[in-house]
Ligand code: AMP
Ligand code: GLY
């Protein structure tokens, strides 16, 4: 089949890398892609990055399956637009994407389904917010309601900090995303990510993984999109999975069904484990970045049949799809199979990220990494002379594995040391929690 991956980050590189190995994929496209992706997929010239232009391309090329990486396309309704033309696309529709694109909506859904989550209020004017902040325990968490490129969550330690942040958010710091602000109780515990493939009724789980959101070693500094991740996580036991299934996943899927929301795609549950009990910090409606990089690296199963089954559940008949192998339903597909040991990735970022940073730095050493290492590209491109140069805040995700967490850490950092660019920045302690547990 012909497959199109939409997006340009490390997550999309990892998804494209996995799709490229699929038994079923003959031709792989990625738009817009990046320097690394262009080595494993065709990166077509498409007029612009609008849903309409992508749809034109998919129809013209008879794309059999489109896989969507970023949430903004999902929130814009790319899935609705493709399905309306009878195309198969893996991702949630616009209505379902609200679970991520409105934090107030996500909280309201959780509340009505009785899903454990931090206590909260939603405000849209400063005076009501001020009252709540005066009566809050600190730290308190402020969240811009809408999509803010991963920057919309601020943990405030004092009333003054919170009041100033609230007034900036309501005053347009995140544009319309901050017109409403969720004020939330701060939860203390271990954070885990659980990604599920779902057709709205059936679920196939991925392994638990753990991101590192803070910029600096020791989980200090500014909040980022994620500086590294590993999988699996010892504290993500089968018992915990069952708890999450019972208290979070099934109630959520039932609630969505009750509201007539057709949820098909990835469900990313951001969890805080407080004294062995799971609380939901957030839902994302797409693969996590950088969790996807080690997850795809460790996955043995061909993932395409899973995407195909989920995307095709409500698919109208007709078109080229009918000549392709009729995969079974998600329910009938086996559980995903994983390599043993640990996978992890370390993010190489531009100095200055997540604030301002320079682009266009020449990257060296990419060709010298080991065979058991994949360097997934996030912000890279080719310059006019064909050099691979930096083109974003998060630049590369160096991904490797090992039989133990210590070996995985050694293998990954050994490869990190082979790569260089001016002002390259990374954390030295990715997977530190797992390492401490295993010592
Ligand atoms: P989000 O953008 O929702 O993933 O939030 C970013 C980060 O803020 C999360 O990964 C957590 O580390 C932190 N966070 C969000 N909500 C809470 C909360 N209620 N208590 C403690 N930390 C939180
Ligand atoms: N790794 C966190 C996220 O993708 O939102």
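A short reminder: the numbers here are calculations on the coordinates, not readings from a lab. On a predicted model such as this, the values are computed, not experimentally measured, just so you know. As a convention, Cβ positions derive from the backbone with ideal geometry for all residues, glycine included, and neighbour counts pool all protein chains shown.
If you wrap the stretch 182-314's Cα atoms in a convex hull and average its projection over all directions, what's the area in nm²?
Working: hull surface 36.5 nm².
Reported value for the Cα convex hull: 9.1 nm².
Place a point 7 Å from Cα of residue 428 in the direction of its Cβ. Which residues in the stretch 394-415 have their backbone N less than 15 Å from it? Once the point is set 7 Å along Cα→Cβ of residue 428, 410, 413-414 turn out to lie under 15 Å by backbone N, inside the stretch 394-415.
If the chain between residue 371 and residue 108 were fully stretched, how many nm would it gain, using 0.36 nm times the residue separation less the Cα-Cα distance? All intermediate terms of the calculation are to be shown ahead of the outcome.
Details: separation 263, 0.36 × 263 = 94.68 nm, distance 4.71 nm.
That pair, residue 371 and residue 108, stretches by 90.0 nm at full extension.
Solvent-free Debye calculation, one equal scatterer per alpha-carbon of the stretch 66-106: log10 I(q)/I(0) at 0.21 Å⁻¹ equals -0.57.
Using alpha carbon centroids, what distance separates the stretch 341-380 and the stretch 150-189, in Å? Cα centroid to Cα centroid, the span is 30 Å.
Given Cα pairs under 8 Å that are at least 6 residues apart, what percent is the relative contact order of the chain?
Values: 970 pairs, mean separation 74.3, N = 439.
About 17 percent, as a whole number.
Let me test this: with uniform point scatterers at the alpha carbons of the stretch 172-258, what is the Debye-based log₁₀ I(q)/I(0) at q = 0.20 1/Å? Rounded to two decimals, the profile gives -1.14.
Our Cα-only numbers for the chain put the radius of gyration and Dmax at 21.1, 63 Å. Largest GNM mean-square fluctuation across 290, 354, 232, computed for the chain with C-alpha springs under 10 Å, falls on 354. The length gained on full extension between residue 51 and residue 175, counted as 0.36 nm times the residue separation minus their Cα-Cα distance, comes to 42.4 nm. Calculated from the alpha-carbon coordinates, the stretch 266-308 shows an Rg and a Dmax of 13.0, 38 Å respectively. With a simple spin-label model that places each label point 7 Å from the Cα along the Cα-to-Cβ direction, the separation between residue 250 and residue 163 comes to 4.7 nm.
Rg and Dmax over the alpha-carbon atoms of the stretch 1-82 stand at 11.5, 31 Å. Modelled label positions at residue 328 and residue 222, each set 7 Å beyond Cα in the direction of Cβ, lie 4.9 nm from each other. Computed extension gain for residue 356 through residue 339, at 0.36 nm per residue and net of the alpha carbon distance, reaches 2.3 nm. Dividing the summed helix terms, -39500 (n - 2.57) for each DSSP H run of n ≥ 4, by the number of residues in the chain produces a 222 nm estimate of -7500 deg cm²/dmol to the nearest 500.
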